Amino acid sequence: MQIPLLDLKAQYALIKDEIDAAVHRVLESCHFILGPEGRALEEEMASFCETQYAIGVANGTDALTLALLALNIRPGDEVITTPYTFFATAETVAQLGAVPVFVDIDPVTLNLDLNHIKIKITARTKAIIPVHIFGQMLDVERLTEVADRYEISILEDAAQAVGARYRGRRAGSLGHAGTLSFFPTKNLGAYGDAGMVVTNDARIAEVVRRLRFHGCDKKYYHDDIGYNSRLDEIQAAILRVKLRYLEQWNEARRVKAARYDLLLADAAGRGDIVLPGRDPEAESVYHLYVVRSRRREEIMKALAGAGIGSAVYYPVPLHLQKAFEYLGMKPGSLPVAEGASEEAFALPCYPELTDEQQERVVEIVEKALYGVI
Ligand SMILES: *Cc1c(COP(=O)(O)O)cnc(C)c1O
């Protein structure tokens, strides 16, 4: 039984008719860039994210770049963020000439540790980027209390958390702006690249809208040096179909995650597996189901041998990436993130995963840990 880490083919099979019709509709219209599908998606996403505005862009990385620009991040500014995330979170900061300041993570949730933020704030700190890692939000309201005192902006990197909630409020709706990625493997995935900025701030929305289209409000009149970063109509049409399923899919992921927790309880009780840590106020969308084990290599090898996908998130924390060598951070400087990088890995967890497949995954995990069972 082959069990991939994520089964996009199974998903497509379930919605093929609707997707094909949506793509066909765009092909017939021959309106490919900035048209009715994109506008409709923006309205539907703003409503879904419970924000005033949503602006489609080319990918989640550009969403970060354009949002940072709209927050007036300039060369030399400092931006506090987590080292335990996908590279783009800090890459975009550096790309603008600003300085990523990495703060260690919480050992339970693996999100930015809010207790360590204050001591990293300097006169140059302009923004904080919390990342809702693996689909579980952190407490942005609590972060806002600190940030407001120093007039620091909050940009939520919600690439992995579309639809997630914290005390009932949606990912992306609590900071000054939030960014989403529709990379194909994300919970709401396009069939190519796409991303979005969500915000309740009319000025941020306006700046992002202008920057994504060559700094231009009126065709051939350019007020800013901008970018070409648009979400195209085919992707928008596909995303509109998938958005209608998202709540149901996210709920299915939560059900699978809860089932893994039960199936893995024995291994967890023996201390060989650490289950994903929960914040009781957060409703996760389980972009990934990530466990920890000191015996990660053995387990992953056994899973691969049985045709089961698993993957390490993330093998190298950002402060130890070669690209960030110039920041001068040494191994041992952010021990919690480094520990997670050594032990964490994701198991298959997606709406289409069957009970039988899930049992098989756990059977192989236990076989790797305890021999024949
Ligand atoms: C996927 C991801 C991004 C980048 O999104 P792209 O659409 O691939 O550019 C940024 N931040 C996080 C946390 C991500 O997971």
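The table below lists the values:
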quantity: Single unsatisfied condition, R254 versus (1) without any contact (Cβ under 8 Å) to a residue 40 or more places away in the chain; (2) in a loop (DSSP other than H, G, I, E, B); calculated: (2)
quantity: Residues that are closer than 21 Å to R360 by Cβ, within 16 Å of the ligand (Cβ to nearest atom) and assigned to a loop (DSSP other than H, G, I, E, B), drawn from region 277-311; calculated: Y286, L288
quantity: Count of region 110-134 residues which are within 16 Å of the ligand (Cβ to nearest atom), closer than 16 Å to P335 by Cβ and not in a loop (DSSP other than H, G, I, E, B); calculated: 1
quantity: Per-region count, region 219-251, residues surrounded by fewer than 16 Cβ atoms within 10 Å (Cβ to Cβ) and either part of a loop (DSSP other than H, G, I, E, B) or among the β-branched types (V, I, T) (or both); calculated: 5
quantity: Filter pass, V361 being part of a helix (DSSP H, G or I) and within 30 Å of V140 (Cβ to Cβ); calculated: no
quantity: Among residues of region 312-343, those that are of a type in the set (V, I, T) and either farther than 16 Å from L112 by Cβ or part of a loop (DSSP other than H, G, I, E, B) (or both), counted; calculated: 2
quantity: S173 vs. criteria of a type in the set (S, T, Y) and in contact with a Leu (Cβ under 8 Å, 6 or more places away or on another chain); calculated: no
quantity: Total residues in region 191-218, condition touching a strand residue (DSSP E or B) at 6+ places or on another chain (Cβ under 9 Å) and part of a loop (DSSP other than H, G, I, E, B); calculated: 8
quantity: Residues of region 135-161 satisfying the condition of being part of a loop (DSSP other than H, G, I, E, B) and either aromatic (F, W, Y) or surrounded by fewer than 24 Cβ atoms within 10 Å (Cβ to Cβ) (or both); calculated: D139, Y150, E151, I152
quantity: Qualifying residue in region 92-106 (condition: within 20 Å of H287 (Cα to Cα) and either within 16 Å of the ligand (Cβ to nearest atom) or buried (at least 16 other Cβ atoms within 10 Å of the Cβ) (or both)); calculated: yes
quantity: Among the residues listed as L6, L41, L66, the single one being of a type in the set (A, V, I, L, M), surrounded by 17 or more Cβ atoms within 10 Å (Cβ to Cβ), assigned to a helix (DSSP H, G or I) and touching a Gly at 6+ places or on another chain (Cβ under 8 Å); calculated: L41
quantity: Filtered residues of region 178-207 (kept if under 15 Å from A88 (Cβ atoms), near the ligand (Cβ under 10 Å from one of its atoms) and small (G, A, S)); calculated: S181, A194, G195
quantity: Only one of L41, L8, L96 that is without any contact (Cβ under 8 Å) to a residue 60 or more places away in the chain and among the aliphatic types (A, V, I, L, M); calculated: L96
quantity: Region 309-336 - residue that is in contact (Cβ under 8 Å) with a residue 60 or more places away in the chain and under 17 Å from the mean Cα position of the chain (by Cα) and, of those, surrounded by the fewest Cβ atoms within 10 Å (Cβ to Cβ); calculated: A311
quantity: Top-ranked residue in region 208-218 [being surrounded by 15 or more Cβ atoms within 10 Å (Cβ to Cβ) and free of Cβ contacts under 8 Å to residues at least 24 places away in the same chain; ranked as farthest from T65 (Cα to Cα)]; calculated: C216
quantity: Qualifying residue in region 9-18 (condition: loosely packed, with under 13 Cβ neighbours inside 10 Å and polar (S, T, N, Q)); calculated: no
quantity: Selection count, region 111-138, where residues are more than 14 Å from G277 (Cβ to Cβ) and not hydroxyl-bearing (S, T, Y); calculated: 16
quantity: Check on L155, modelled with pLDDT of 95 or more and either among the acidic types (D, E) or within 16 Å of the ligand (Cβ to nearest atom) (or both); calculated: yes
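The values are calculated or read from the model by the stated rules, or taken from the named source; none is laboratory data. Treat the numbers as computed from the prediction; the structure is a model and nothing was measured. Glycine gets a Cβ as well: all are built from the backbone with ideal geometry, and neighbour counts include every protein chain shown.
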